[in-house]
Every structure is written in C-alpha cells, then in structure tokens.
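Structure, as structure tokens:
The values are calculated or read from the model by the stated rules, or taken from the named source; none is laboratory data. Quick caveat, the model's predicted, so the values are computed rather than measured. We place every Cβ from the backbone using ideal geometry, glycine too, and count neighbours over all the protein chains shown.
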Amino acid sequence: MSDKKDSFLINRLKSVGWAFKGALLLLRTEASIQIQFFIAILVTVAGFYFEISRTEWLFQVAMIGLVMSIEGVNTSIEYIADFIHPELHASIGRIKDVAAGAVFIASIAAVIVASIIYYPRFF
Ligand SMILES: Nc1ncnc2c1ncn2[C@@H]1O[C@H](COP(=O)(O)OP(=O)(O)OP(=O)(O)O)[C@@H](O)[C@H]1O
C-alpha cells in the first residue's frame, strides 16, 4: 500500500512497481498467459519476417495487449472467486465462465486480425 507521506511521483513509481510485479507473477505462474506470450513472440517474429505495414503492426500489438490484459483480469477474477468462495457454487461457476468468455471473445478477434494480416502472405 502507498504511503500517504510520499510524493505523488514516488507513489506513482511504486504503483508501476507493483503492476510490474503482477505482470511477472502472471507470466511465471499462469499457463494460459505463457501460451499467449509465446504466440505473441511468434507473431512478432512473423511481423518482422513478412515486413508487415505500420497499420498491421498497430492492430497486431493492440490485439496482443488486449488478449493478454483480459487474461490477466480473468486470472485476477479467478483468484478473487477462489478466495471468497473456495467451495463449488453455481454463481462462482458463472462468474468464472463469464470472465473466461471475455478472453475467448478477445482471442477470436485476435485470430481474425492475424488471419487478415497473414493469410495473404501464405496463400
Ligand atoms: N468454485 C466453483 N464453483 C462452481 N464452478 C466452478 C468453481 N470453480 C471452477 N468452476 C468451473 O470450472 C471452470 C474452470 O475453472 P478454473 O478456476 O479451473 O479455471 P481455468 O479456466 O481452468 O483456469 P486456469 O487454467 O487459469 O487455472 C469455471 O469456468 C467454472 O465453470
């Protein structure tokens, strides 16, 4: 937690530090985000290899950020759900399903964007 006596800038820097720690924790512990990170590296290499356009880079980077950030929120929701109600409950199931559904929607959009960018390079 931030110390109220610290300056605005110090508090902001501390928050960035916590956020960075959270991102590293996600990457170290969550299989789904590790797979997404691997795919992100693959498409980044593909982007350089196929010399995709500036606009294509914008969409590609946005989609990587979208999918991975929603995956992070989904993981956080799972942690909260397991913390507040570790036992089986229909509402917890629905909460987790909806959060996973959000990742699914972003992933479908990312696959469509990737297809639009790379399909013409292969076929
Ligand atoms: N406490 C619970 N009560 C009812 N259903 C649950 C509960 N926990 C999980 N589920 C059901 O199991 C599904 C998978 O939950 P889980 O927490 O294992 O997520 P996951 O997607 O496998 O996550 P991860 O792979 O990141 O561990 C949920 O979407 C939900 O349908």
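Here Ser53 meets each of (1) under 30 Å from Ile116 (Cα atoms); (2) within 16 Å of the ligand (Cβ to nearest atom) with one exception, condition (2).
Checking the stated criteria, Phe8 turns out not to satisfy the condition of being within 16 Å of the ligand (Cβ to nearest atom), out of contact with any Lys or Arg (no Cβ under 9 Å at 6 or more places or on another chain) and of a type outside the set (Ser, Thr, Tyr). Annotation: of all residues in segment 66-102 being touching a helix residue (DSSP H, G or I) at 6+ places or on another chain (Cβ under 6 Å), more than 9 Å from the ligand (Cβ to nearest atom) and of a type in the set (A, V, I, L, M, F, W, C), the one that is farthest from Ala40 (Cα to Cα) is Ile77. Restricted to helices (runs of 4 or more DSSP H) entirely inside segment 6-92, those with at least 1 residues that are at pLDDT below 95 are 8-29.
Selection of first residues in segment 78-99 that are free of Cβ contacts under 8 Å to residues at least 40 places away in the same chain and of second residues that are more than 8 Å from the ligand (Cβ to nearest atom), restricted to Cβ pairs under 6 Å at least 6 apart or on distinct chains, gives the following pairs, ordered by first then second residue: Ala81/Ile95; Ala99/Ile77.
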